[in-house]
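See below for the structure under consideration.
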Amino acid sequence: MAYEEITRHGWLSRIGASFKGILAGAVILAVAVSLQFWNEGRTVKREQALSEGRAQVLESAGAQPDAANDGRLVHVAGRARAGAPLADETFGVEHEALALRRQVQMFQWRERRDTREEKEVGGGTRKVTRYSYETVWDDEPIDSDDFREEEAHRNPDEMPYRDYSWRAADIRIGGFRLGDEAASQIGGWQDLPAAQVQLPENLAAIFRPSGDWFVTCETPAQPQVGDLRVRFQIVPEGAFTVIGRQQAGMLDTWRSSRGQELLIVESGEHGAAALFDEAASDNTSASWALRLAGFVLGWIGFGLLLRPLAVLADVVPILGRLVGFGLALVSGLLAAVLSLVAIGSGWVFYRPWLLAVIVIVVVALIAWLVMRRSRRSVTVPPMPAPAPAPSRPPPPPGA
């Protein structure tokens, strides 16, 4: 069942709200500029760390530590294994793996709100909000107290079991042990089939296997609100590659000469060059994603700053739509300009050599223009007038 709610806002109240949004717009613009400026520094520092690491990384033959390499960046590839099995004592699950996790979900009501806004003559708006309800599996409790129609869509207040994860305390690749940070980056989760899990009797009486899940519902295809389902996942032992700092047989985060951190952990066996290439590509992708995010934030910020103009024009709805479209274009253009300034400033600030080149070029250009103008302003003395040609003597008499 769906419910609709209608609210109206007058023109004057909308104008007041739009002016309040100016402050929010200014804050968003500050965040956009800061994000893009910081991103340029992050990108440069990551590039520097990868470049220095690529030049200094050492191959570890046979995945065995060499005391001479302590404190150095090393590349290690081989089979990762755990020192002891991992166990979820609550559900009685035990497995030899690098990591184990329990995922718990509850079948619950979820409210959806769809809102449409219609402009009215005189600058006011009519907002129609439609509330609809559906049941979903979710790993977090959904608070039904805030629902528009809470009585008919009540969720349990708590979940009796929650998500939890365990990671092997002693993970080794060859003769190396992974430090805490390196171990935390071990990934590659796989579902543990329910057929391989033996629950204790008290829980087996409540949970029934259904695919990779254990469910509490009588009919798995027809769960009821409040039913639970649980599954288990593992990161199995297998081939991994690590590029990190070696210290006393341990692999963990390496620091470059500039203090940037570097640690690469990847499933499978890979060469050092391939991992550095992939990390450089990821750095470029992240850089462009953050630049785009900064541009979008700038667009939103300028939109809030200019919104009072659109609301003023809404006295005539069609005029308000035209003005709103034009202001959206202007906001996008201003956001693009602001992004270029923020990104350019970051480029120059975090690349001092580029600033030096720009200064030299600008100074040279100014000097050339000054010299050229000076040459033009030098007074050239006028050339003397040519002497008149001598007059021809008169012809002799009688000629």
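No value in this document is a laboratory result; all are computed from the given coordinates. Bear in mind that the values here come from a model prediction, so they are computed numbers and not experimental data. Cβ sites come from the backbone with ideal geometry, for glycine too, and all protein chains shown count toward neighbours.
Once Cα extents along the principal axes in Å is calculated for the structure shown, the corresponding label among (i) 109, 53, 39; (ii) 78, 50, 38; (iii) 157, 79, 38 turns out to be (iii). Exposure proxy shown here: for 287, 339, the number of other Cβ atoms within 10 Å sets the order, fewest to most, as 287, 339.
Sorted ascending by nearby beta carbons within 10 Å, beginning with the fewest, 266, 261 become 261, 266.
What angle, in degrees between 0 and 90 and rounded to the nearest 10, separates the Cα long axis of helix 317-350 from the longest principal axis of the Cα atoms of the chain? So the inclination is approximately 80 degrees.
Ellipticity at 222 nm from helices only: DSSP H runs of n ≥ 4 in the chain, each -39500 (n - 2.57), divided by the residue count, give -14000 deg cm²/dmol.
Mean sequence separation of contacting Cα pairs (under 8 Å, at least six apart), scaled by the length of the chain, corresponds to a relative contact order of 25 percent.
Is the shape of the stretch 223-322 rounded, prolate or oblate, going by the alpha carbon gyration tensor and its root eigenvalues a ≥ b ≥ c, with a/c under 1.5 for rounded and a/b larger than b/c for prolate? Here the stretch 223-322 falls in the oblate category.
You can think of it this way: the chain between residue 316 and residue 59 has 85.3 nm of extra reach, that is 0.36 nm per residue less the Cα-Cα gap. To the nearest ten degrees, helix 11-56 and the longest principal axis of the Cα atoms of the chain are 90 degrees apart. Residue order for 212, 139, fewest other beta carbons within 10 angstrom first, comes to 139, 212. Each of the peptides 140-150, 328-338 was scored by the mean count of other Cβ atoms within 10 Å over its residues; in descending order, highest first, they stand as 328-338, 140-150.
A Cβ-based charge dipole, computed about the Cα centre of the chain with Lys and Arg at +1 and Asp and Glu at -1, lands at about 3540 debye. For residue 249, the amide hydrogen comes within under 5 Å of no other amide hydrogen, counting only partners 5 or more places away or on other chains and with H modelled in the peptide plane. Between the C-alpha center of the stretch 246-301 and that of the stretch 173-198 there is a gap of 22 Å.
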